[in-house]
Structures are given as C-alpha cells and as structure tokens.
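Structure record follows, encoded as structure tokens.
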Amino acid sequence: MKKLIFLGAMLLFLVSCKEEPKEVEKREVATYSIEQFMDNEAVYGGSFSPDNSKLLVTSNRSGILNMYTVPTAGGEFSPVTTSDSSSVYAISYFPNDERILFRMDDNGDEVYKIFLKEGDSIKRLTPAENARALFYGWKKDGTAFYYGSNERDSRYTDVYVMDVETFAPKLLYENDEAFDFGGVSPNGRYIAFAKSINTNDSNLFLYDTEEESYTQINTTQSGNSPQEFSMDNEYFYYTTDVDGEFSYLMRYDIENATSEKVLERDWDIMGMGLSENGTYRVVYINEDAANGVEVINTRTGEEIKFPEFENAFITGVSISRDEKMAILNVGGSHTPTNLYPYNMETGDIVKLTNVLNKEIEKEDLVTAEVIRYDSFDGVEIPAIYYKPHNATEDSKVPALVWVHGGPGGQSRQNFSAFIQYLVNHGYAVLAVNNRGSSGYGKTFFQMDDQNHGEKDLQDCVEGKNWLAEQPEIDPDKIGIIGGSYGGFMTMAALTFTPEEFDVGVNIFGVTNWMRTLQSIPPWWESFKDALYLEMGDPNTQDSIRLKQISPLFHTENVTKPLLVLQGAQDPRVLQVESDEIVESVRKNGVPVEYVLFEDEGHGFVKKENQIEAYEKTLEFLNKYLKNKPEEVKEIKT
C-alpha cells in the first residue's frame, strides 16, 4: 500500500511539473428520440445448429420478438417466424437435426405453449388450452426432451418427457408436493427438486425414479438452490449460503450422501452449469450488481481466458453440444449486448451482431457508477448512478430514484434503453438497491421481510437525499419511478411520504397487497407459502398490516403528479390495481395520466408499446418535473 501511495504522489508531482493543460472544450452530446433508442436491437439466446454453422436467436428487430438464424461465421439474419402479435421465444435446435423448438404465450399472459418448427410447418406440442408448459432440457441422447406442465392441476407443475419422433407426452413425475424442478440426471434416474420455505430458505431433494424414493440433500435451510448433475451421474451440484452471507457451490455425492464445498467467491455464485460432456464448468457470479463469468476446464482445472472487451464484460456463455464453440454475450451499462461466437479450440472470435443503432454515438451513452450511501439507521445502501454527461454544478439537472422489481430483485449494471433515454434527455437516475435486494448477502436480503413500504421506503427517501446533495442535481426536482414492486414503492412514496418526491411513475405496480397476494397465478403454488412468509398471509391477521401498507387505502395523501402504465394481460399485477389507484388519486385533483396497453402483460415487450410508454414517461416528466407548472407548485405547498 505504501508503494502505491508513493507512486501516486510521484505521478502527481510529474503532472504538476508539466505545463498546465488547456481546458478541454465541453463536448456537445446529441439528443436522441425514443424511436432511435428503441432501434437498438435486442438479441437473446444462442442455440447452435448440430454442425455449429448457424445460431438460433430471438430478436425484436421486427418490432416484436421473433426467431432468426444467423451464420456463426457472420452474415445476415434469416427470419424463422414472422409473428406480428404474440412474442416468439426460441428454445433450441434439436440435438441431431435442424428442427426447432420455441415457445409463445398470448400477449404476455405467461401461459406458455411449446411449439415445433419443422420446415415450413408449425405444430403445437403442448395442446392443453389453459395449461402452462415450460421447457426443462434435452435428454442426454437427444431422443426426447423434458418439460413441465400444469395441465393435470393448475396449481402444480408436473414433469413430462416427450419423444422427438412420436411427440407423445409421458408423465414422468406427478408433482403434488408443489416442488420446483431442478434438473434430471443424464441417465434419467434422478430428478432434483427444491421446496421453498421462504424467499431465502429451501430444501433440496433427489427423487429416485427407480426406487420411487426421496433423499434430502441439505441439512440446513439456507439459500439452497439446485444447479446441475455431473455427466457420470455420481454428483449433484447446488449452491447454498449456510454459515455465510453469500452463496457458494457445493457438490453432493449421491451414493455416499455426503457434500463438499467446491467453489466460493466474495459475492453470490448465482448459477453453475456443465457443458454437454462435462469438459467445461460455467459459473456465474453477481459481482456488485455486475455479471461475472468463470469457465473452468474440469480436466485441467484451468480457467478459460476469453478475450477482453473494452469497457464491457461477458454476461453469459453458452457452449455447443460438441464443446467446440461458445457464444459469448458481451455488454455493459452503456452498451446493449452483442453476440460473439468463439472457437474453444483455436481462440478465434467473430462479432456476430452490432445492435447499437448506427445513428447513436456510443460516446453519448452513459456508463453507470456504483455508489453507496448510509440510510436513516446507518445501513449502507448500494445504488447504480447514471449522470448525464453535461450535468454540472452550473447546469443542474432533475433526477429520478429508480426502484427495481421484486420483492428481492436487484438493479444491475446492464444496458437499459429506457434509462439511457431518460439520461440523454437530461435526467440523472439513481437505481437504488434498497434493503431486501438480492446480491448483497442474506442478512441484507432479509431486512425487509414483513416490513415492506417501511424501512425499504426510507432507503429510497435517503437515496433522494443523496441525490439532493450532489452538486449537479436540482434538489427541488426529484421524482421516483419503478415497475412491479418498484411501482408499489412509487405509490408508497407518494402516499406515505407525500412531500419527499415531486412526481411518481408507477409501472404496473402493486397497490392492494391483499388482492395481489390472493390472486397470484395458480402456477405460483410452489412459491406461495414462501411469498406469504415474506409479505404476510392475506387470509390471516397479517391482512391488517397489508392494508396499512397498501397505497390504495391511503390515496387521500397523494399530492404530486402521477403517471401509471399497465398491461391489460398482466397475470401478476392485475389491471384493476392500476384502474383503482388512478380513479382514487384523481379525486384529489392531482394530475394523473394513465396509459393502458391491451396486448401486454407484466413487462412491455413490443417495440411500439415500449416507444409509447417511454415517450409518455418523458413527456410527463418534462411537464411536471423539469418544467414544473405553477399549479403543481401550489399543490406542493
């Protein structure tokens, strides 16, 4: 440390001895329309064709999510589907031929169906009309795939296997225990399950399909999460945070019923997977709200050194079935994610996509900064800060506290066209990871249990106070914005701390916790008890507290302008939540704007709707925050 201080001092001395540099002229930052920002392409996934010559991806380049193929050596995208209504999500090429699996729901209702694309024909493989189907993975030999469906009972997701020649479904496991699926061993003998106890604690089980018996893997209910079977069927990997704050990787010996720690880092290990033959182990680490990825050669123990990318990081790695190729997802807070096919044998790499709109100068986008501040009780709160390039003490800007979804979510250092659009138009954004957010240890994660709308709200208020202290921020122009749980926090802020924020933007936010908890989708049965333990059970005396924290019953307190955005097909936060909060707040004579999308669910995925939603948000903020009218100032006083 002394050596570093000495070198720093020497550098400062050398700089001071040089001629004073001329003041650099402030660079003009172009202002872009929402259409330009949404013309950035979003490309997801990456399933290699059997010969690795093509990649199957999902893209919104048509304005809605559809499937495309693209040569791994580079070239043009070829559309596989051309839906103009429901979004299409690619699942995978078949292991041994170029047939394709994909899934669709009905305009965001989350009742997914699995489809087959063979040549020019499309066939629905999960025909039950009101049942939800989820792809679970391919059988090791590629002759069948596993999937989950709640066709038998809407509350429980059973495990099925479907042969790829006959496409006849076979019930593999009847899930009356409301287990969450965790994987099938390569030989098909064992199925891993998790049973949620609360939002952090769970039990893990292996079900032996031959013996029809269960074995519990864990001895302590602390952050246990299933990950992967070894290719030789001898081990099962899982993560846990037993005796620690952060999740680490464990390996369970199936025959001997013993566990050992395999890998530990300073942050949560979020996930782990093995390549098809087990040669590579891919580990995902949540490093201070950024994705860390480690790929280890399991035979040599060496870490694969992928190319470095300037001011961006690898957010995902997917390895081909023959283990010769990998697709790297590369992005950052200031740049949307691009795909890079990487040759695992030669190290050759190709930039397959260039998703940033050519009309946008990358230097005009803002790189997020991780900051921390102390909340009212001394708890340190992490946050992601986006500061407009030209925001200075002499040119102050309005600001927004951004609250993530959840409960238990996390604002990450990922690219958001919405945030970049707001920042580009002169709004600083502080994405607060209030207590109860994931990624900062289990103690921090559990701090808001049955305490929502209270201390977590105060964390957001303190985030506003931090913003107000920054020399580049106008302290009289700070609003709050968020979706889902973040929408609830927006309404809680306007309701329970009505003088703290100047405006609120509620994006499909919960406003009546009793109704929301009683009307959760039936397929959430496996998580319902855990959710009730965190939030409270609406069917018990907990309903008293739930009513106290539900903004709908306290709308007479709202005095600041409000914008509400909602999808009519939302199965999680029902449209009535937004309908009622809008109607109630309008009775106060407060400016309220409401935008309802008939063909969206919990999150807006169609470009035209995203454009309208984000543009309406900016217009609202410009009207009521950046350029406060006199009548709004009068309401404040």
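Residue-wise test of (1) without any contact (Cβ under 8 Å) to a residue 60 or more places away in the chain; (2) within 23 Å of Asp537 (Cβ to Cβ); (3) not acidic (Asp, Glu).
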position	(1), (2), (3)
Pro398	no, no, yes
Gly408	no, yes, yes
Leu422	no, no, yes
Lys455	no, yes, yes
Pro471	no, no, yes
Pro475	yes, no, yes
Ile481	no, no, yes
Phe488	no, yes, yes
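Of all residues in the range 584-612, those satisfying the criterion of being farther than 19 Å from Arg61 by Cβ, assigned to a helix (DSSP H, G or I) and either in contact (Cβ under 8 Å) with a residue 60 or more places away in the chain or in contact with a strand residue (DSSP E or B) (Cβ under 6 Å, 6 or more places away or on another chain) (or both) are Val585, Arg586. The number of residues in the range 203-229 being touching a residue at least 24 places away in the same chain (Cβ under 8 Å), closer than 15 Å to Ala257 by Cβ and touching an Asp or Glu at 6+ places or on another chain (Cβ under 9 Å) comes to 2.
Of all residues in the range 299-320, those satisfying the criterion of being closer than 18 Å to Gly271 by Cβ and assigned to a loop (DSSP other than H, G, I, E, B) are Ile304, Phe306.
crowded, with 16+ Cβ neighbours inside 10 Å, out of contact with any Asp or Glu (no Cβ under 9 Å at 6 or more places or on another chain) and of a type in the set (Lys, Arg) - does that describe any residue in the range 400-413? Yes, that holds for at least one residue. When you look at Glu619, is it assigned to a helix (DSSP H, G or I), more than 27 Å from Asp84 (Cα to Cα), in contact (Cβ under 8 Å) with a residue 12 or more places away in the chain and of a type outside the set (Val, Ile, Thr), yes or no? No; evaluated as a whole, the condition is false for this residue. Within the range 162-187, the set of residues being within 18 Å of Lys123 (Cβ to Cβ) and of a type outside the set (D, E, K, R) comprises Met162, Val164, Thr166, Phe167, Ala168, Pro169. Would you be able to say whether some residue in the range 574-588 is more than 20 Å from Ile480 (Cβ to Cβ), touching an Asp or Glu at 6+ places or on another chain (Cβ under 6 Å) and among the aliphatic types (A, V, I, L, M)? No. Can you find, within the range 324-334, the residue that is nearest to the chain's Cα centre (by Cα) among those that are farther than 17 Å from Ser49 by Cβ and assigned to a loop (DSSP other than H, G, I, E, B)? Step by step, filter the range 324-334, then rank; the result is Ser333.
Against the test of being farther than 25 Å from Val595 by Cβ and modelled with pLDDT under 85, the options Leu546, Leu517, Leu531 yield a single qualifying residue, Leu531. Note on the range 469-583: enclosed helices (runs of 4 or more DSSP H) holding 1 or more residues that are among the polar types (S, T, N, Q) and over 30 Å from Asn175 (Cβ atoms) are 485-496, 542-549. Each residue in the range 170-203 was checked for being polar (S, T, N, Q) and in a strand (DSSP E or B), and 3 of them qualify. Entry remark, the range 568-601: residues being within 20 Å of Ser550 (Cα to Cα) and among the small types (Gly, Ala, Ser) number 2 in total. Of the residues making up the range 269-286, none is at pLDDT 95 or above, farther than 21 Å from Ser320 by Cβ and part of a loop (DSSP other than H, G, I, E, B). For the range 178-230, the set of residues classified as charged (D, E, K, R) and closer than 14 Å to Ala530 by Cα consists of Asp180, Lys195, Asp201, listed by residue number. Condition (residue is within 20 Å of Asn414 (Cα to Cα), touching a Gly at 6+ places or on another chain (Cβ under 8 Å), of a type in the set (A, V, I, L, M, F, W, C) and in contact (Cβ under 8 Å) with a residue 40 or more places away in the chain) applied to the range 292-314: is it met by at least one residue? The answer is no; no qualifying residue exists. Looking only at residues in the range 338-353 that are part of a loop (DSSP other than H, G, I, E, B) and of a type in the set (Val, Ile, Thr), the one that is farthest from Ser47 (Cα to Cα) is Thr346.
Residues of the range 577-597 that are at pLDDT 95 or above and over 16 Å from Val503 (Cβ atoms): Ser578, Asp579, Glu580, Glu583, Ser584, Lys587, Leu596, Phe597. Going residue by residue through the range 86-94, is there one that turns out to be touching a strand residue (DSSP E or B) at 6+ places or on another chain (Cβ under 9 Å), of a type in the set (S, T, N, Q), modelled with pLDDT under 95 and under 17 Å from Lys117 (Cα atoms)? Yes, some residue in the range 86-94 is touching a strand residue (DSSP E or B) at 6+ places or on another chain (Cβ under 9 Å), of a type in the set (S, T, N, Q), modelled with pLDDT under 95 and under 17 Å from Lys117 (Cα atoms).
Here's the yes/no breakdown for (1) out of contact with any Gly (no Cβ under 6 Å at 6 or more places or on another chain); (2) surrounded by 21 or more Cβ atoms within 10 Å (Cβ to Cβ); (3) of a type in the set (D, E, K, R); (4) under 30 Å from Arg99 (Cα atoms):
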position	(1), (2), (3), (4)
Ser202	yes, yes, no, no
Glu212	yes, no, yes, no
Arg251	yes, no, yes, no
Thr258	yes, no, no, no
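Here Ser259 fulfils each of the conditions (1) under 16 Å from Asn218 (Cβ atoms); (2) of a type outside the set (D, E, K, R); (3) in a loop (DSSP other than H, G, I, E, B) apart from (3).
The selection criterion, being surrounded by fewer than 20 Cβ atoms within 10 Å (Cβ to Cβ) and either more than 27 Å from Asn130 (Cα to Cα) or among the acidic types (Asp, Glu) (or both), does not hold for Ala530.
When only residues in the range 128-153 that are farther than 26 Å from Asp97 by Cα and among the aliphatic types (A, V, I, L, M) count, which is surrounded by the fewest Cβ atoms within 10 Å (Cβ to Cβ)? For the range 128-153, the residue satisfying everything is Ala128.
Table: residues versus (1) outside any loop (DSSP other than H, G, I, E, B); (2) under 26 Å from the mean Cα position of the chain (by Cα).
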| site | (1), (2) |
| --- | --- |
| Asp322 | no, no |
| Pro336 | yes, yes |
| Val355 | no, yes |
| Val366 | no, yes |
| Arg372 | yes, yes |
| Pro382 | yes, yes |
| Pro388 | no, yes |
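Scanning the range 352-389 for residues that are surrounded by 13 or more Cβ atoms within 10 Å (Cβ to Cβ) and either within 20 Å of Val57 (Cβ to Cβ) or basic (Lys, Arg) (or both) gives Leu352, Thr353, Val355, Leu356, Asn357, Lys387.
The values are calculated or read from the model by the stated rules, or taken from the named source; none is laboratory data. Since the structure is predicted, the reported quantities are computational estimates derived from the model, not experimental observations. Using ideal geometry, Cβ is built from the backbone for each residue, glycine included, and neighbour counts are taken over all protein chains shown.
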